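The values are calculated or read from the model by the stated rules, or taken from the named source; none is laboratory data. Note that the coordinates shown come from a computational prediction; the quantities given were computed from them, not determined experimentally. Methodologically, a virtual Cβ is constructed for each residue, glycine included, from the backbone with ideal geometry; neighbour enumeration extends over all protein chains shown. All accessible areas refer to the heavy atoms of the entire protein, side chains included, with ligands and DNA or RNA removed. Shrake-Rupley method; radii C 1.70, N 1.55, O 1.52, S 1.80 Å.
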Amino acid sequence: MSEAKQWNRRELIGGIALLAAAIGVPAAVVSLSALSPDDAPTDRQRAIITAASQHVIPRTATPGAADVGVGDFVILALAHGLDGTRAPSGAAGMPQVARFQRPDGSLRFLDWLEDALDARGRSDWLARTPAEQSAALARLDAEAFAQGADKHPWRAIKALILTGYYTSQAGGSRELRYVLDPGRYDGDVPLAPHTPAFSSDWSAVDFG
Amino acid sequence: MNTPEFDVIVVGSGITGGWAAKELTEAGLRVLMIERGRKIEHQVDYETETKAPWDMPFRGLGDAELYREEYPVQALNRHFTEFTQGHFVNDAENPYATAPGSDFTWFRSYQLGGRSLTWGRQSYRWSDYDFGANKRDGHGTDWPIRYADLAPWYDKVEEFIGVSGAAEGLKQLPDGKFQPPMALNVVEQHVRGVLAERYPGRVLTIGRTANLTEPKPDQGRGACHSRSICARGCSYGAYFSTQSSTLPAAKKTGRLTLITDAIVEKIDYDPATKRVTGVRWFDTTDNTRKQATARIVFLNAGSFNSNHLLLNSTSEAMPHGLANGSGVLGTHIMDHANTLSAAAMMPGFEGHTSFGNRPTGAIIPRYRNMDVMDGIGHTRGFSFQGGALQSTWTRAKREAGIGEDYKARMREVGPWRMVLVGFADCVPRVTNRLTLDPVKTDAHGIPQLNVAFAFGKEEMAALAQAKAEASEMLTAAGGQVMFGFDRPGPGGTAIHEMGGARMGWDPATSVLNRWSQAHQIANLFVTDGAQMSSSACQNPSLTYMALTARAADAAVTMLKEGKI
C-alpha cells in the first residue's frame, strides 16, 4: 500500500488538510465545510461550543481554548467519533438525554449541550453575561463529575475540549512544555512548585 | 532439474526475516527476501517522525471514523496512533476469521521491516525454566533444545542489535551482552529497594530494550534520544529494526535480492526429491502471479502467517499442509495472558520529577514456580512490566472544574503513580489452533486464516496471583492501590502470538526439529514465532532472533556438507 493511497483515503479532510497545513490554518477550522449535513452544527451550536471551550480553558498569560479554535476541533472530533463519541451512549438512559439519541444509540452531543446550557441558564445561554454563562457551565460540570455520573455527556465534550487545547500549539507548547527530542533521560530531577508538565511525555498522556 | 535461481528464499522481512537474510548472505549465499507489504526506506519514509500533534489533522488521535471502518483491530493497539497508522495493516483489506467463541486481536504490520518497526523492543533471554517447562508439567511437547544451545546465539544477536540492560545474575532471566542500562526513575528505585529488603528473590530492574545507549557507528546507528516515539520510525537508528540494522548488513554483501509488494501464496514441493523448490507469490503492483526457485526456503512471515502459508501449501503428497505429516500444524498456538495487575498512587516523591521519555519501563521478572512450585493453581510463571510516571494534561479529563484555577492546576506536573502489567505464561493447548477458513477468502482469493483461541484456568490462576501480589508489593512500597485486574484481554493483546509449527523431538508430534528445520522436508526452515513450543512469560523476539541465527548457521553447514 502506498502512502499516497493512504492519504487519499481521508475523505473528509484529504487535500483540505494539506492546504491548511501549507497556509498555516488549523486543519480543523477549514474542514467544517466538508462535514455531512447530519454532523454540521448550526451557527448557534458552533458559537456555544466555542464559548463553552473558552470558559473551560480561559485566556490567561497563554491563549484560551476558543483562541486556538478548540470549538471547531470538538465539532470535527464529534463528527468523526473521537474518544468513542459515536458509540451507543451509556447516558442514553438518562431521561433528559434520551431525546438526543441517534437511531444507533449514539448521542448528538451538540444538540444536547445547547439544550443543557439553555436549561441551566434558564434562557438563552449565549445571551447571558460571561459570568452567568460560566456559572451555568460550572453547575453542569459539577453535575457531570458528581458521584456515579461518569457517563454524563458533558464529560465527553469536556474531554474533547481538553484534547483540542492541549494538542494545539499554544496549549501543548506554551501552556505546557513540548520537547520532541529531549536527547537524554534523567530519572530524578528536582521539581519546583508550579512547574508546567510536558505535553510530549507520551507515556503520561496515555497512562497518566 | 534446473539450477535454482537463489540459494535461499526468505519469506518475510521482519525481525527474523531480516536476521535470516543477514546471516545467510554473510555466509556467502544468494538470498531472495520477499516482503508482502510496501517498501519503507530507513529515514526517508518516516514521514511523521518529527511531527507535533498540531501538525496532524486529528491531533495524533487519528480519524476514529476511518479506524472503525478500516482499522477496527489495529486501532486497539496502544502503539497505533495517527502518527503510526501507516505502519499497521488495514484490517478491511486484510481480513481474518475467528472461530465461534474466540476473540483474537491480531496486530499486524505488512511492510518492509514488518513489526520490527513497531515492536516494543523488550529483549529477554529465556532460561531453562522456560525450555524445560513442557517436560516438567506435561503440557505441550518437550523442547528439543535447552538454554546452553541458544546462549552463544543470544550473545551474537545482542551484540549486533544492541540491548541496553542491567545484569542481575538471575537464573530465570539470564544476563546478556548488555549496553549500559537506562535509568530507573526515583520511584522505581525506591520500589526496587523495598523489594530487595522485603521480598527475597524478587527484583525490580530496568527493562532490557533494543534501544542503544551507546552508538554503533559501524552500523550508522546513533544512541537513543529519549523521545519514545519509536513506532513512527527512528532516523537515528537507535532502536533495532530490519531497516536500521539487519537489512543494511545483508545489502552490503551484494548477495541480497529484495522484492516487496509480493504476497507469497504457496511453497512448491517436489514429492520425488521430498524437497521444497521455491515459492509463488501475488504481485500487488501489477496483479500478476510470479514465482522463484531456491535450494532452501526460510519461513519468516510472522508466526501466524508462516502457519497460514504451510497450511495453504497443500499438494497431493501433502494434503493437510506442507510438512504436516504429524497433523499438529496450526495447533498449540499461544499468546501471553496479560492485564493491568495494579495501578497505585505513589505519594512521597512530590519534590521529584524526571526529564526525557525513556523508551522502556521497569520489570519484575518471574519469581514463582522456579525451584519451588509455589504458584497458586498454575505451574508456570508470570512477570510484570510497568513503571512509575507522573500524569500530564490527560488527567484533567477526570477532574471537575472550569476556569482559571482549573487551568492553573492542570498545568502542573501531576502526581506519581505506578503500574504493573502482569504477563502470564500461556499453556500450549491443542484446541488453540489455526486453520484455513473453509469459506472466507481475501481479495486475492486466498483462504483466510481462522483463529480459535481461548485462555484457560492456568492463565486465569496466574493473573489472579499476579494481581494480588502486585497490589501487595506496591502497598508495601507506600503506594495506594487504585485498581487492578485479573482477567486477560483477548488473545493477541500481548502481541506475542506464537506456535503452530512447534519444535519437538518426535516427527509424529511436532513440525520442526531442533534446528528449526521441518522434520519432513530437509530444506525448509521456519524460524519465526511459529516454531515455539512454549511461551515463557517474557517477551519472545530476542529468542526468535537467536533461533534464526542458529538455524541459518545450521543450514549453511548442512548445505556445505551436502546434506540439504
- Note on the structure: Pairing a residue in region B:391-413 that is within 7 Å of chain A (Cβ to nearest Cβ) and under 15 Å from A:Thr167 (Cβ atoms) with any residue that is open to solvent by 20 Å² or more (accessible area, probe 1.4 Å) and aliphatic (A, V, I, L, M), where Cβ atoms lie under 9 Å and the two sit 6 or more apart in sequence or on different chains, gives B:Thr392/A:Val205; B:Thr392/B:Val413; B:Trp393/A:Val205; B:Thr394/A:Val205
- Message: Any residue at all in region A:154-173 that's within 7 Å of chain B (Cβ to nearest Cβ), open to solvent by less than 40 Å² (accessible area, probe 1.4 Å) and among the β-branched types (Val, Ile, Thr)?
- Response: yes
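So, restricting to strands (runs of 3 or more DSSP E) that lie completely within region B:340-431, which ones have at least 2 residues that are open to solvent by 30 Å² or more (accessible area, probe 1.4 Å)?
B:352-355, B:416-424
Within the group B:Ala196, B:Ala210, B:Ala183, which residue is away from chain A (no Cβ under 14 Å), within 30 Å of B:Phe349 (Cα to Cα) and open to solvent by 20 Å² or more (accessible area, probe 1.4 Å)?
Values: B:Ala210 fails: open to solvent by 20 Å² or more (accessible area, probe 1.4 Å); B:Ala183 fails: away from chain A (no Cβ under 14 Å).
Being away from chain A (no Cβ under 14 Å), within 30 Å of B:Phe349 (Cα to Cα) and open to solvent by 20 Å² or more (accessible area, probe 1.4 Å) holds for just one of B:Ala196, B:Ala210, B:Ala183, which is B:Ala196.
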- Per the list (1) farther than 26 Å from B:Thr50 by Cα; (2) touching a Pro at 6+ places or on another chain (Cβ under 7 Å); (3) not aliphatic (A, V, I, L, M), residue check on B:Asp137 breaks on (2)
- Could you list, in sequence order, the residues of region B:30-45 that are within 11 Å of chain A (Cβ to nearest Cβ) and touching a helix residue (DSSP H, G or I) at 6+ places or on another chain (Cβ under 9 Å)? B:Arg36, B:Gly37, B:Arg38, B:Ile40, B:Asp45
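Check whether at least one residue in region B:56-65 is buried (at least 17 other Cβ atoms within 10 Å of the Cβ), facing chain A (nearest Cβ under 10 Å) and among the acidic types (Asp, Glu), and report yes or no.
Initial filter on region B:56-65 (buried (at least 17 other Cβ atoms within 10 Å of the Cβ)): B:56-65.
Remaining after also requiring facing chain A (nearest Cβ under 10 Å): B:56-65.
Applying the additional criterion that residues be among the acidic types (Asp, Glu) yields B:63, B:65.
Yes.
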- Please verify whether region B:39-52 includes one or more residues that are in contact (Cβ under 8 Å) with a residue 12 or more places away in the chain and crowded, with 24+ Cβ neighbours inside 10 Å. yes
- Note on the structure: Only one of (1) closer than 28 Å to A:His80 by Cα; (2) at the interface with chain B (Cβ under 7 Å from one of its Cβ atoms) does not apply to A:Lys151, and that is (2)
- Of the conditions (1) touching a Gly at 6+ places or on another chain (Cβ under 9 Å); (2) over 23 Å from B:Tyr367 (Cα atoms); (3) crowded, with 24+ Cβ neighbours inside 10 Å, the single one that B:Tyr154 does not satisfy is (2)
- Message: Restricting to region B:462-514, and then to whatever is surrounded by fewer than 16 Cβ atoms within 10 Å (Cβ to Cβ) and among the small types (Gly, Ala, Ser), can you tell me which residue is nearest to B:Phe131 (Cα to Cα)?
- Response: B:Ala508
- Task: Could you check, for region A:138-151, whether at least one of its residues is assigned to a loop (DSSP other than H, G, I, E, B) and either in contact with a Leu (Cβ under 9 Å, 6 or more places away or on another chain) or crowded, with 23+ Cβ neighbours inside 10 Å (or both)?
- Result: no
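Return the residue satisfying two criteria in turn: it lies in region B:80-129 and is outside any loop (DSSP other than H, G, I, E, B) and in contact with a Lys or Arg (Cβ under 6 Å, 6 or more places away or on another chain), and of such residues it is surrounded by the fewest Cβ atoms within 10 Å (Cβ to Cβ). Before the answer, list the steps.
Within region B:80-129, the subset outside any loop (DSSP other than H, G, I, E, B) is B:85-87, B:97-98, B:104, B:111, B:114-116, B:122, B:128-129.
Within this subset, residues satisfying the condition of being in contact with a Lys or Arg (Cβ under 6 Å, 6 or more places away or on another chain) are B:97, B:111, B:128.
Working: B:Ala97: 18, B:Gln111: 28, B:Asp128: 15.
Among those residues, the one meeting the criterion is B:Asp128.
Quick one: which residue in A:Pro153, A:Pro130 is in the same structural domain as A:Thr62 (by TED's automatic domain parsing) and touching a strand residue (DSSP E or B) at 6+ places or on another chain (Cβ under 9 Å)?
On the way: A:Pro130 fails: touching a strand residue (DSSP E or B) at 6+ places or on another chain (Cβ under 9 Å).
None of the other options fit; the residue is A:Pro153.
Each row is one residue, and each column tells you yes or no for (1) open to solvent by 50 Å² or more (accessible area, probe 1.4 Å); (2) touching a helix residue (DSSP H, G or I) at 6+ places or on another chain (Cβ under 8 Å); (3) away from chain A (no Cβ under 14 Å).
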{"site": "B:Gly222", "(1), (2), (3)": "no, no, no"}
{"site": "B:His225", "(1), (2), (3)": "yes, no, no"}
{"site": "B:Arg232", "(1), (2), (3)": "no, yes, no"}
{"site": "B:Ser235", "(1), (2), (3)": "no, no, no"}
{"site": "B:Phe240", "(1), (2), (3)": "no, yes, yes"}
{"site": "B:Thr260", "(1), (2), (3)": "no, no, no"}
{"site": "B:Ile267", "(1), (2), (3)": "no, yes, yes"}
{"site": "B:Lys290", "(1), (2), (3)": "yes, no, yes"}
{"site": "B:Arg295", "(1), (2), (3)": "yes, yes, yes"}
- Item | Unique match (being hydrophobic (A, V, I, L, M, F, W, C), open to solvent by less than 10 Å² (accessible area, probe 1.4 Å), touching a Leu at 6+ places or on another chain (Cβ under 7 Å) and modelled with pLDDT under 95) among A:Ala77, A:Ala52, A:Ala28, A:Ala34 | A:Ala28
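Do we have A:Asp83 as part of a helix (DSSP H, G or I), within 14 Å of another protein chain (Cβ to nearest Cβ), under 18 Å from A:Val56 (Cβ atoms) and open to solvent by less than 50 Å² (accessible area, probe 1.4 Å) here?
Taking the combined requirement at face value, the residue does not satisfy it.
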